[in-house]
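Here the structure comes first, spelled out in structure tokens, and everything after it is commentary.
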Amino acid sequence: MNLKSVQNIYFIGVGGIGMSALARYFKVNGKNVAGYDKTATKITDALIDLGVEIHFADAVKNIPSSFLGKEKTLVVYTPAIPETHLELNYFKNKGFQILKRAEILGKITEHTFCLAVAGTHGKTTTSSILGHIMQPTNATSFLGGIAENYNSNLILGEDKISVVEADEFDRSFLQLSPNIACITSMDADHLDIYGEHEALIASFNDFANKVSDQMIVAKGLPIEGLTYAINEEADYKAYNLQVEKGKYIFDVKTPKDNVQNLELYLPGEHNVMNALAALAIADQYGVSLEEIKQSLKSFKGVQRRFSYKINSDDLVLIDDYAHHPTEINAVENSVREMYPNEKALVVFQPHLFSRTQDFVEDFARELSKFDELLLLDIYPARELPIEGVTSKWLLDKIELEKKELVQKINLVDKIKESSAKVIVMLGAGDIGVMVNVVVNQLKSINQQ
């Protein structure tokens with residue numbers, strides 16, 4: 001398939017973070033783009049403003065007539081779309097060319113020098129930092145989050161270099177053609193897809209075998225490549241870490257050089273690791289350490305990655321996408337580092353019944369580290385309920401005096417009852433939309 005010959009691209013699930021970056025990319029590059037999503041969001045609003053025709057009811061009659069010719073139209077869908085989807089089945093029955101999101105991203109990387117970031121945690125922030133470093137080289141970056149510097153999940157450049165977030169879900173990253181890549185982590189996750197942790201690790205090994213030029217891995221992972229670490233010997237070593245006025249200052253040893261006094265305005269040592277991985281990839285590509293240093297200093301972060309929604313003397317509200325126990329641990333560590341003497345309330349929305357079932361003990365351990373907990377119902381996403389797997393089941397395992405199940409409608413009132421100065425809202429479901437409602441109500445209360 002030659003993408004250049006395709007006139008129309010129709011996205012089913014166009015509002016997804018990965019899908020919307022591709023939709024934006026093709027629209028900017030002159031394709032006719034339209035699509036479906038079940039819910040209107042800021043992302044779909046931005047695409048509509050760009051000229052993408054989007055509807056929110058699954059019905060064949062809503063597909064624009066200009067997209068009904070199968071010779072001129074490519075259909076792209078996300079695995080989150082159910083098999084019963086009417087529009088997807090229409091295109092299948094009519095013999096349209098249909099690709100998963102990962103397949104079309106793979107087609108793009110076939111014809112570029114591809115820098116890929118894989119890992120169960122940290123890949124969105126790492127790829128966003130890398131995209132920012134590579135922006136002066138005119139790289140095009142497809143991100144899994146909204147980079148604050150660009151207010152977008154696409155950093156548009158030319159078609160010679162691509163930066164991609166290599167997603168392990170559904171083994172999607174095996175569609176890519178990476179030249180230089182890193183793996184940040186391989187913790188057990190997506191066991192609904194993989195079954196066992198060993199199968200996930202095997203998939204990462206398959207990904208590493210696809211890398212043509214250089215593999216880079218967090219030290220300790222069982223995959224060959226250049227290593228990176230903090231305060232221990234590695235090919236890329238960050239050391240002399242200091243926290244000063246809300247930023248990290250640190251030095252880095254590379255295989256051939258040293259660079260001192262790098263500055264990073266992101267909290268938590270895990271973000272220093274993310275920055276170190278991005279530095280290693282860019283260094284291996286050939287970007288100068290001085291240019292990398294300047295880019296790290298100006299990087300503003302990724303939306304929903306320890307994002308301050310309220311930051312006043314009396315109240316701090318932090319929004320984060322964390323939905324795995326390891327990620328929750330990283331957020332809690334950052335909160336304690338930034339606010340060592342303050343009480344912290346966590347609002348958590350579990351994501352997927354299967355993930356809750358697989359890691360319930362780990363979730364309980366990490367959530368117990370906060371001072372107070374408000375626990376929402378499980379966000380099902382693509383799944384049907386699993387008998388016995390509920391938020392109440394998780395709540396009973398959490399060792400906190402102040403813990404409570406809460407419904408969305410009562411959330412603001414419950415937050416107001418707490419004396420905690422720091423509120424942390426975590427999850428990968430619609431809590432990301434709810435946070436804006438919570439912030440607006442809390443701000444209006446404080447102004448009264």
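A few notes on this one:
- Per-region count, the range 199-258, residues buried (at least 18 other Cβ atoms within 10 Å of the Cβ) and on the phi > 0 side of the Ramachandran plot: 1
- Residue under evaluation residue 121, criteria (1) in contact (Cβ under 8 Å) with a residue 60 or more places away in the chain; (2) in contact with a strand residue (DSSP E or B) (Cβ under 8 Å, 6 or more places away or on another chain), criterion not met: (2)
- The single residue among 4, 31 that is in contact (Cβ under 8 Å) with a residue 12 or more places away in the chain and out of contact with any Gly (no Cβ under 7 Å at 6 or more places or on another chain) turns out to be 31.
- For the range 307-314, the condition of being touching an Asp or Glu at 6+ places or on another chain (Cβ under 7 Å), part of a strand (DSSP E or B) and modelled with pLDDT under 95 holds for at least one residue.
- If only residues of the range 378-388 that are in contact with a Pro (Cβ under 9 Å, 6 or more places away or on another chain) and within 19 Å of residue 325 (Cβ to Cβ) are counted, the one that is least open to solvent (accessible area, probe 1.4 Å) is 378.
- Where a residue in the range 422-444 is of a type in the set (S, T, N, Q) and its partner, wherever it lies, is surrounded by 15 or more Cβ atoms within 10 Å (Cβ to Cβ), with Cβ under 7 Å and at least six apart: 441/412
- In the range 262-288, residue most open to solvent (accessible area, probe 1.4 Å) [restricted to those that are assigned to a helix (DSSP H, G or I) and among the polar types (S, T, N, Q)]: 284
- The listed residue being of a type outside the set (A, V, I, L, M) and more than 21 Å from the chain's Cα centre (by Cα), out of 38, 100, 72: 72
- Yes/no for residue 16 being modelled with pLDDT under 95 and either open to solvent by 20 Å² or more (accessible area, probe 1.4 Å) or not charged (D, E, K, R) (or both): yes
- Scanning the range 289-327 for residues that are acidic (Asp, Glu) and either more than 25 Å from residue 139 (Cβ to Cβ) or open to solvent by less than 20 Å² (accessible area, probe 1.4 Å) (or both) yields 313, 314, 319, 320, 327.
- Flag if residue 400 is surrounded by 14 or more Cβ atoms within 10 Å (Cβ to Cβ) and closer than 18 Å to residue 318 by Cα: no
- Among the residues of the range 251-292, those identified as without any contact (Cβ under 8 Å) to a residue 40 or more places away in the chain and of a type in the set (Ser, Thr, Tyr) are 254, 265, 288.
- Residues of the range 54-88 that are in contact with a Leu (Cβ under 9 Å, 6 or more places away or on another chain) and open to solvent by 60 Å² or more (accessible area, probe 1.4 Å): 82 alone.
- Residue in the range 401-422 that is in contact with a Phe, Trp or Tyr (Cβ under 6 Å, 6 or more places away or on another chain) and of a type outside the set (S, T, N, Q) present: yes
- Search result, residues across the range 403-415 that are within 11 Å of residue 377 (Cα to Cα) and open to solvent by less than 30 Å² (accessible area, probe 1.4 Å): 406
- Sole exception among (1) closer than 30 Å to residue 83 by Cβ; (2) touching a residue at least 12 places away in the same chain (Cβ under 8 Å) for residue 388, by number: (2)
- Of the strands (runs of 3 or more DSSP E) entirely within the range 319-438, those holding at least 2 residues that are modelled with pLDDT of 90 or more and under 26 Å from the mean Cα position of the chain (by Cα) occupy 344-348, 372-375, 422-426.
- Whenever a residue of the range 138-153 is closer than 14 Å to residue 23 by Cβ, its partners that are assigned to a strand (DSSP E or B) and among the charged types (D, E, K, R), lying with C-beta atoms within less than 9 angstrom and at least six residues away or across chains, give the pairs 142/165; 143/165.
- Breaking point among (1) surrounded by 14 or more Cβ atoms within 10 Å (Cβ to Cβ); (2) of a type in the set (Asp, Glu); (3) out of contact with any Lys or Arg (no Cβ under 7 Å at 6 or more places or on another chain), for residue 372: (3)
- In the range 127-164, the residues that are under 21 Å from residue 46 (Cα atoms), in a strand (DSSP E or B) and of a type outside the set (A, V, I, L, M): 140, 141, 142, 144, 145, 152, 153
The values are calculated or read from the model by the stated rules, or taken from the named source; none is laboratory data. In this text the structure is predicted, and so the values were computed from the model without any measurement. In this analysis, Cβ positions are derived from the backbone assuming ideal geometry, glycine residues included, and neighbour counts consider all displayed protein chains. In case anyone asks, the SASA skips ligands and DNA or RNA and just uses the protein heavy atoms, side chains included. Shrake-Rupley method; radii C 1.70, N 1.55, O 1.52, S 1.80 Å.
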